[in-house]
Amino acid sequence: MQKDDCYQLGYVIRKHGTKGEVQAFLDVDDPEAYEELESVFVLKEGDTLIPFFIDTIEIRGQKAVIKFEDIETVPEAEKMVGSQLYLPLEVLPELSDNQFYYHEVIGYTVVDKTLGPMGTVKSFITLGPQHLMEMDYKEKQVLIPVTDHIVIRPDRESSIIHVDLPEGLLDIYL
């Protein structure tokens, strides 16, 4: 499995207990959807993804306590801390027309309702509860809040993401 064929589910934040369990942060909208998870890919040296099978997983909000097969001791669990967890893209649930996954719109053209084409989506940034879409506009970095009122919908056929920027947002950056 290649990293480009996967999405990041989350990462291991610390060891948990004395039997080789770890606590992971799940960077997803619906952590409960992963209650029956049987395995994940763990990013190791470079871009190598190694499959790890799960004995048990207990979802606790955005976090999960995971017991991996073959990880039996605290020192083994400590080696997992900081590891990124991945799943194949094909396991992502289908979304409605107006919804999108961040990774799928990177490179899309941002088209504002009033200003027209503006730039391309570079990345997404999470600052606490706020998600921001990053794009370059007139050689400046612009961060657009990801809300239903601002980011309207993606057009997958044309690789466009439609937005309705609030008045004055661009003035902050220019």
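FYI, it's all coordinate maths here, none of it is from the lab. Being a predicted model, the structure only gives us computed values, none of them experimental. Note that each Cβ is placed from the backbone with ideal geometry, even for glycine, and that neighbours are counted across all protein chains shown.
What residue among SER96, SER83, SER39 shows peak mean-square fluctuation when the chain is described by a Gaussian network model with Cα springs under 10 Å? In the Gaussian network model the winner is SER96. Note on ASP29/GLU139: beta-carbon distance plugged into 1/(1 + (r/R0)^6) with R0 of 35 Å gives a FRET efficiency of 0.60.
Taking label points 7 Å from Cα along the Cα-to-Cβ direction, SER96 and THR48 give a separation of 4.4 nm.
Please work out the Cα center distance from the stretch 10-89 to the stretch 94-148, rounded to the nearest Å. Value for the Cα centre distance between the two parts: 29 Å. Placing unit charges on the Cβ atoms of the charged side chains and taking the dipole of the chain about its Cα centre, the candidate lying farthest along the positive direction among ALA33, TYR108, GLY46 is GLY46. With 18 Å as the limit, the listed pairs LYS19/LYS79; LYS44/LYS122; LYS3/LYS79; LYS15/LYS67; LYS63/LYS122; LYS19/LYS44 have LYS44/LYS122; LYS3/LYS79; LYS63/LYS122; LYS19/LYS44 beyond it between alpha carbons. Per residue, the average separation of C-alpha pairs within less than 8 Å and at least 6 apart gives the stretch 102-173 a relative contact order of 28 percent.
Near PRO154, once Lys and Arg are set to +1 and Asp and Glu to -1 for all other residues with Cβ below 12 Å from its Cβ, the sum equals -2.
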